[in-house]
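Data block below; observations after.
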Amino acid sequence: MAEPRTILEVAETLRDLEASAVDLARAAIDRARADPFNAWLTVTEDRALAQARAADERIASGDAPLLCGVPWACKDIIGTKDVETTAGSRILAGYVPPYSATVVERLDREGAVMIGKTNLDEFAMGSSNENSAFGPVRNPWDPSRVPGGSSGGSAVSVASGEVVFALGTDTGGSIRQPAALTGVTGMKPTYGRVSRYGVVAFASSLDQVGPFTTTVEDSAIVCQALFGKDPADATTMPLDREDLRRGLGDGVKGMRLGVPKEYFVKGIEPGVESAVRAAIRELERQGASIEEVSLPSTDHALGVYYIIQPAEASANLARYDGVRYGLRVEGRDLVDTYKRTRGAGFGAEVKRRMILGTYALSTGYYDAYYVKAQKVRTVIKAEFERVFERVDALLTPTSPTVAFGIGSKVNDPLSMYLNDVFTLPVNIAGLPGISIPCGLSEALPVGLQVIAGYDQEATMFRVAAAYERATEHHRMRPPERAKEVAR
Amino acid sequence: MSEIDPGVVRYVADLARIALTDAEVERFTVQLSVVLDSVGRLREVDTEAIPPTASVLPLHNVMREDEVRPGLTLDEAMRNAPARDGDLFRVQTVIEERPSG
């Protein structure tokens, strides 16, 4: 039996009794344990096998949902009851949540089998996975390069075929950028679609949970299970349930697709631009009308993001004080204990952002930085809204470059931040975005980003599926020899 | 040019309750100057008549019934405590004893 790679293949395998959910879980656990890329922080064998046994019973009873028995990986910033959840930080090493995030509960209810927790940039702050307290994750396409971040471990667990899907979180590109750099599909939902309850908070007005998959259809299937109002998260939208897969086969004939000219400027690698331009031509060939559009304030999105995001983070991370959970380093008094605990518990990037965010919120700078950024956020959001009166979706590169070398940007925060220049405007505006593979440049994957209007996930999936159906890029797999190199 | 110098970094780190080494202060001063120079370009945008956006959600004052629901037990809520004293989190004394006499 060939190992099933998609949710639909798994469902068929299980229904036809070619393998049991326990067989699939054991195989995934073995692959996770043998992973040479440092993608995993915890493998939850007992929990996985118990879930798999329950899934097999449900399948035998003849009424199992699509996700029942499907092995998946969970970014270690998403809380899991009785399973260590570190957020990639020394300050939370050993922390065992007393409850699970709503997204985990929803997948548990579907019968999906969680194989373990994946590595990430500390508190999801990073674009390369080099900021993890537990070591960098390596890219299965070339282990000397980064997988992107912050959800690098989740991206790699899917890209290297260890699990069928994974969850990540995306605050400025942390699902879409690593998906692009590892050659898989990564999706960030509209803000308010998915509950953040039980997810370690980073920047609360920007964070969303979303899936890594190998196909667009799988992405829609996982979203179908995740989406919906949660009484425990007041920022989830009370929307009617809709079938997210309804338009997958409809094609793009007659659709209007916008290409924002500000996304094809300085800093974009020629190989990335040509792969994305070829993808746009493919959609045009299928009958979409392609229009150049303008989002004039795109250039200011990075500034907005690097004020609002660290400001929100500095408030959210105030809770790590060594009193109720996490690391404690005793000082001469309580305030000194706070400082030593946080000085020892946080890595360099988290400290930089705490200082930046505290500065932007401090007396004398609050109006000049924080309020100013919130006003420009309004401008950026309005520009997207205006464009979506004319077009159904936008097509852009996901990241200006392919995967870069480990260590090549760690001492230059600004150049690291520029990795997310095409993804973070989507978070600022609260829109849905998906990255799908659209070819290789220098033997490394390139991602095409499809952005849709507020709550228009079905339209976004429809465009992405039309492209995927006509191409083979989503079937590309990393070279097997990379595993040997990584070992 | 940005207004960040080592004194500002030390002051803000103190507000954020983070102990920094001298080497960190020096490195962060340089790195944050570059970042602040970049984000400072927002001043170029005319926002005279623009309201701020705190959240993209079209929701206001989300209400729910004030019902009693099961929550965590004391042991669940306290099981990650670095130091515990019965049903309390143990911390250092924050109130000094009044000198007698």
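Averaged over the residues of A:368-381, the number of partner chain Cβ atoms lying within 10 Å of the residue Cβ comes to 5. Measuring nothing but protein heavy atoms, the accessible surface of segment A:436-487 at 1.4 Å probe radius is 48 percent carbon and sulfur. Between A and B, buried accessible area from a 1.4 angstrom probe totals roughly 5300 Å², ignoring ligands, DNA and RNA. A Cα-only calculation for segment A:275-357 places Rg and Dmax at 22.5, 70 Å.
Please calculate the 1.4 Å probe accessible area of A:F404, with all protein chains present, and give it to the nearest 10 Å². Only protein atoms counted, so the area is about 20 Å². Among A:P413, A:V158, A:P425, which residue has its Cα positioned farthest towards the positive end of the charge dipole of the protein assembly as shown, with +1 placed on the Cβ of Lys and Arg, -1 on the Cβ of Asp and Glu, and the dipole taken about the Cα centre? Highest projection toward the positive end goes to A:P413. Binning the C-alpha pair distances of segment A:209-357 at 5 Å intervals from 0 yields a P(r) profile of 2, 7, 9, 9, 11, 14, 15, 11, 8, 6, 4, 2, 1, 0, 0 %, listed from the shortest bin outward.
Amide H to amide H distances under 5 Å link A:S128 with A:G149, where only residues 5 or more positions off or on other chains count and H is placed in the peptide plane.
Given segment A:72-186, what whole percent of its Cα pairs are spread farther than 17 Å? Let's see the in-between values first.
Values: 3203 of 6555 pairs.
Value for segment A:72-186 (Cα pairs over 17 Å): 49 percent.
Per q in 0.21 Å⁻¹, report the Debye log10 I(q)/I(0) for segment A:1-102, using one uniform scatterer on each alpha carbon and no solvent. Ignoring solvent entirely, the Cα scatterers give -1.11.
Report the calculated FRET efficiency for A:D367 and A:S274 (r = Cβ-Cβ distance, R0 = 51 Å), to the nearest 0.05. All intermediate terms of the calculation are to be shown ahead of the outcome.
Numbers: r = 44 Å, r/R0 = 0.86.
E between A:D367 and A:S274, to the nearest 0.05, is 0.70.
Between B:E3 and A:E442, the modelled labels are 4.1 nm apart [label points 7 Å from Cα along Cα→Cβ]. With bins 10 Å wide beginning at 0, the percent of Cα pairs of segment A:1-54 falling in each bin runs 23, 49, 26, 2. Under 14 Å from a label point 7 Å along Cα→Cβ of B:T73: give me every residue in segment A:76-106 with its amide N that close. Once the point is set 7 Å along Cα→Cβ of B:T73, A:98-99 turn out to lie under 14 Å by backbone N, inside segment A:76-106.
How would you classify chain A from its alpha-carbon gyration tensor, with a ≥ b ≥ c the square roots of the eigenvalues: rounded for a/c under 1.5, else prolate if a/b is greater than b/c, otherwise oblate? Don't skip to the answer; put the middle values down first.
Details: a/c = 1.45, a/b = 1.05, b/c = 1.38.
Because its axes are fairly even, with a/c under 1.5, chain A counts as rounded.
At a Förster radius of 60 Å, what calculated FRET efficiency corresponds to the Cβ-Cβ distance of A:E389 and B:R98, to the nearest 0.05? Please list the in-between numbers first.
Values: r = 69 Å, r/R0 = 1.15.
Taking R0 as 60 Å, the efficiency between A:E389 and B:R98 is 0.30.
FRET efficiency for the pair A:A93 and A:R33, taken as 1/(1 + (r/R0)^6) with r the Cβ-Cβ distance and R0 = 22 Å, rounds to 0.60. Mean residue ellipticity, 222 nm, helices only, chain A: the sum of -39500 (n - 2.57) across DSSP H runs of n ≥ 4, divided by residue count and rounded to 500, is -11000 deg cm²/dmol. Checking every one of the trypsin sites (Lys or Arg not before Pro) in segment A:28-88 against DSSP loop status and a limit of 15 other Cβ atoms within 10 Å picks out no site at all.
Here each label is just a point 7 Å from Cα along the line to Cβ, and for B:N80 and A:E84 those points are 1.3 nm apart. Spacing of the modelled spin labels on B:R90 and A:A50, each 7 Å from Cα toward Cβ, amounts to 3.1 nm.
If you roll a 1.4 Å probe over chain B with all protein chains in place, what percent of the accessible area is carbon or sulfur? Please list the in-between numbers first.
Details: 3880 of 7460 Å².
After summing per-atom areas, the C and S share lands at 52 percent.
Looking at segment A:355-401, none of the chymotrypsin sites (Phe, Trp or Tyr not before Pro) sits in a DSSP loop with at most 15 other Cβ atoms within 10 Å of its own Cβ.
The values are calculated or read from the model by the stated rules, or taken from the named source; none is laboratory data. Not measured: the values here are computed from a predicted model. Cβ: placed from backbone, ideal geometry, glycine included. Neighbour counts: every protein chain shown. Keep in mind that these areas ignore ligands, DNA and RNA; they rest on the heavy atoms of the full protein, side chains included. Shrake-Rupley method; radii C 1.70, N 1.55, O 1.52, S 1.80 Å.
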